[in-house]
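Each remark here refers to the structure printed beneath this line.
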Amino acid sequence: MGFFAHGGDLDGYFRRFPGRVPLDFSASLNPLGMPGPVRAALHEAVEECGRYPDPFCRALSEGLAARWGLAPEQVFCGNGAAEIFDRLAMALKLKNALLTAPGFSEYERALRASGCGCRFHTLREETGFAVTERILSALTGEIDAVFLCSPNNPTGQAIAPELLNRIAERCAETGVWLVVDECFGGFLADDRARSMRRWLGRCDRLVVVRAFTKLYALAGVRLGWCMTQNPEVIQALRAAGQPWNVSYLAQKAGVAALNCDKFVQESVRLIQRERAGMADGLRRCGMRVCPGQANFVLFRSPDTALAEKLLPRGILLRDCANFRGLEAGWYRAAVRKREQNQRLLESIQEVLHGKNNHGAGHVL
C-alpha cells in the first residue's frame, strides 16, 4: 500500500521508515501548529466526550455567524470541507458541473459519486495557472454549477476580486450554482475583503466553503463549514448525511479558534515572509515556481522522482502528478518555519547534485 494521494500520510511514512519522524511539506498546515486556546479547549472537552455532540452545532454556528455577519441559519458545519462537498453534490442534485484543472480533486470525486458529470476548464501554465476571464465563456446554461477554489489548490493562486464579481454576475444570469472553496483564504492578508461572503445577499445560488483545518492546524480534528443565504440549501445539507457529523471535540475546538485573532495575524505575517524566501530558494535550485498567495508553493523540478528521493532524507513532499492538468515533475511544498524550509532546500540541492543521504528524519 502506497502513500495517500492527498499528502499528509505520516502513518504511511512510519511504516516505511520505522523510528523516524519526517518534516512534512506535503500537508499545507499552519507551521505555528494548533493555537494554545484551541489545544486547551480540546483537553477540557475530553471530559464531556461521553455525551452526544450538538447535531446543529449551535454554539459554533452562532460564533461563525457573529464573526461573518450572518444569521446562524445561514451556516452549516461539517466533518471537514470534504464532507461538505459530498453533501453539496447530493443536495444540489447537479447534472453537469464545471471544474478547473488543476484543482482540488475532491470536487470531482464527490460530484461523480452523486452521478454528476464534470467538465474541465484547463488553467494555463504561461499565466501561472491563474483563473482568467477565459472562464466566463464556459459559464453557460449547459452546466448546473461551477466549483472554484481561491486560493486554488495546488497552485496557490487567488482569483482577482473583480473577476470573481463577474463570475458571480454571470452565474446569477445563467442560473448556475457557484461554489467557492476558501479553505486557504485565512492565509490572505485581505481575506475578509476577498471573501465571496460579500455576494451572499445578492446571489441565492452561492455557497462559500471554509475550514479550520489549514489555518488552525486541525487536520486530525476534522472541521469545515459553509455559508449561504439559501435556507433550502442548509436544510438539504442536513438531510444529505448522518446527524452528529461534527464531534463534540471539533465543535469546542472551533468555538475556541474564533477567539484567536492575534494567532491568525501572526500566522499571516509568517506565511508571507517565509513563502517569499522559499520561492526564491526554489528558483535558486533551478525550479520553475508558480506565483501564489497561499501557505504553500507549487513548483516544477527537472527531476520527476524528487519526492521519492527526498523520503529517505526525512522529507515528505506533495507529488502533484496526479492532479488533472499537471504532469510528472510538479510538486507542492507547504511553507513551514525558516529553519525547516532551509532544510528542504538543502535536501533538494543534495538530491540534484547526487550527494549521499546523511540521515532520514528524527529518530523516535
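Take the residues in region 228-241 that are buried (at least 19 other Cβ atoms within 10 Å of the Cβ) and of a type in the set (S, T, N, Q), then tell me which one is nearest to ASP190 (Cα to Cα).
Of everything passing the filter in region 228-241, THR228 is nearest to ASP190 (Cα to Cα).
May I ask you to list the residues in region 291-306 that are open to solvent by 10 Å² or more (accessible area, probe 1.4 Å) and in contact (Cβ under 8 Å) with a residue 60 or more places away in the chain?
Within region 291-306, PRO291, GLY292, GLN293 meet the criteria.
Are any of the residues in region 121-140 under 24 Å from MET278 (Cα atoms), β-branched (Val, Ile, Thr), open to solvent by 30 Å² or more (accessible area, probe 1.4 Å) and over 21 Å from the mean Cα position of the chain (by Cα)?
yes
Given (1) open to solvent by less than 50 Å² (accessible area, probe 1.4 Å); (2) under 21 Å from GLU182 (Cβ atoms); (3) of a type outside the set (D, E, K, R), where does ASN79 come up short, assuming only one miss?
(1)
Taking the criterion of being basic (Lys, Arg), crowded, with 24+ Cβ neighbours inside 10 Å and touching a residue at least 24 places away in the same chain (Cβ under 8 Å), would at least one residue in region 166-183 satisfy it?
No, there is no match, as no residue in region 166-183 is basic (Lys, Arg), crowded, with 24+ Cβ neighbours inside 10 Å and touching a residue at least 24 places away in the same chain (Cβ under 8 Å).
Please verify whether ALA40 is touching a helix residue (DSSP H, G or I) at 6+ places or on another chain (Cβ under 6 Å), surrounded by fewer than 16 Cβ atoms within 10 Å (Cβ to Cβ) and either over 25 Å from GLY156 (Cα atoms) or among the charged types (D, E, K, R) (or both), treating the condition exactly as stated.
So ALA40 does not fit the description; no.
Among the residues of region 84-98, are any touching a strand residue (DSSP E or B) at 6+ places or on another chain (Cβ under 6 Å), under 25 Å from ALA211 (Cα atoms) and crowded, with 24+ Cβ neighbours inside 10 Å?
So far as region 84-98 goes, yes, one or more of its residues are touching a strand residue (DSSP E or B) at 6+ places or on another chain (Cβ under 6 Å), under 25 Å from ALA211 (Cα atoms) and crowded, with 24+ Cβ neighbours inside 10 Å.
Pull up region 307-345, narrow it to residues that are in contact with an Asp or Glu (Cβ under 7 Å, 6 or more places away or on another chain) and of a type in the set (A, V, I, L, M, F, W, C), then point me to the one that is surrounded by the fewest Cβ atoms within 10 Å (Cβ to Cβ).
ALA321
If I filter region 242-252 for residues that are touching a Pro at 6+ places or on another chain (Cβ under 9 Å), small (Gly, Ala, Ser) and open to solvent by less than 10 Å² (accessible area, probe 1.4 Å), do I get at least one hit?
Checked against the condition, which is being touching a Pro at 6+ places or on another chain (Cβ under 9 Å), small (Gly, Ala, Ser) and open to solvent by less than 10 Å² (accessible area, probe 1.4 Å), region 242-252 yields at least one hit.
The values are calculated or read from the model by the stated rules, or taken from the named source; none is laboratory data. Here the structure is a predicted model, which means the values were calculated and not measured. No Cβ is skipped: glycine too gets one built from the backbone with ideal geometry, and neighbour counts run over all protein chains shown. When the accessible area is computed, the model is the full protein with side chains, heavy atoms only, and any ligands, DNA or RNA have been set aside. Shrake-Rupley method; radii C 1.70, N 1.55, O 1.52, S 1.80 Å.
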